[in-house]
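Q: For reference, the structure I am asking about is given below.
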Amino acid sequence: MSSTDKTYETTAPSTDKVRDRRGLALAISAGVILLDRITKHIVVQQLPNGQTHTVIPGVFRISDVHNTGAAFSMFAETASPDTVRYILIAFSVIAVLVLLGMLWRVGRTLSLSTVALALILGGAFGNLYDRVKYKYVVDFLEVRIYHYHWPDFNVADSCIVIGACLLLIEIFRPQPTES
C-alpha cells in the first residue's frame, strides 16, 4: 500500500450513547394537557354546570362540576375560597416545577418512571391551567359502583392517578440483580 492510500476505519454507532427521550416525555405531557383541554371544552359547551348525561345507567355519567377545592373537592366549602385557591395554585406550580426537574433527570431514557412522570406533569399542568384561568377545575367523569359514589374527576386527574400507579409499580417491581 502506498502512502497516498488512506485507510478509513468504519465504526459502528456507540451503544454507550442513548438517544435522549426527554422530547418524547414532554410530548406525552403535552398530549395529556391537550386531551384534558379538549374534553373539558366539550363538556362545558355541551352541559351547563350541574347538568348530567347518563352513559351507563346507575354506573357512569358525564357531568359539569366546578371544583373550587382540592382533590375530592376538599376545602371547597371554606370561609376563604380565594386563600385556598392561591395555596392550591402555589402548590401546583411547585409540583409542576419539581416534576419538570425530575423528568429532565430521568427522561433521557424511556422507562416506566419517565412515562409516569410525564403523565403526572401533564395532569398537574392541566388542572393548574383551570385554577388560574377559571378559578375552579372542571370535573366531569362521575362513577357510581353500587352505593359508592366516587367524586367527579377529569382526564388530568386520571393521568395523575395512572402515573402514580406506574411509579408504585416501578418502586415495587423486582429489580434485576447484577452478576
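Q: Arranged from highest to lowest average of other beta-carbon atoms within 10 Å per residue, in what order do the peptides 51-58, 118-125 appear? Present the calculation step by step, with values, prior to reporting the outcome.
A: Numbers: 51-58: 11.0, 118-125: 26.4.
The packing order, highest mean first, is 118-125, 51-58.
Q: Then there is this: What accessible area per residue comes out for segment 107-171, rounded to a whole number of Å², with a 1.4 Å probe? Can you show the working numbers first?
A: Details: 3190 Å² over 65 residues.
About 49 Å² of surface per residue is accessible.
Q: Semi-axes of segment 82-178's equivalent ellipsoid from the Cα gyration tensor, sqrt of 5 times each eigenvalue, largest first, rounded to whole Å?
A: Whole-Å semi-axes of the equivalent ellipsoid: 27, 20, 10.
Q: A follow-up question, please. Sort 144-152, 40-48 by packing, meaning the average of other beta carbons within 10 Å per residue, with the highest value first.
A: Working: 144-152: 11.4, 40-48: 14.1.
The peptides rank, most packed first, as 40-48, 144-152.
Q: Oh, and also: Rounded to the nearest 0.05, what FRET efficiency do R37 and Y86 give with R0 = 22 Å and r taken as the Cβ-Cβ distance? Could you check?
A: Using R0 = 22 Å, I get an efficiency of 0.45.
Q: Taking only the C-alpha atoms, wrap a convex hull around segment 103-151 and report its volume per residue in Å³ as a whole number.
A: Working: hull volume 5.0 nm³, N = 49.
Normalising the Cα hull of segment 103-151 by residue number yields 102 Å³.
The values are calculated or read from the model by the stated rules, or taken from the named source; none is laboratory data. All figures in this text were calculated on a predicted structure; none of them were measured in a lab. Note that each Cβ is placed from the backbone with ideal geometry, even for glycine, and that neighbours are counted across all protein chains shown. Surface accessibility is based on the protein's heavy atoms, side chains included, excluding ligands, DNA and RNA. Shrake-Rupley method; radii C 1.70, N 1.55, O 1.52, S 1.80 Å.
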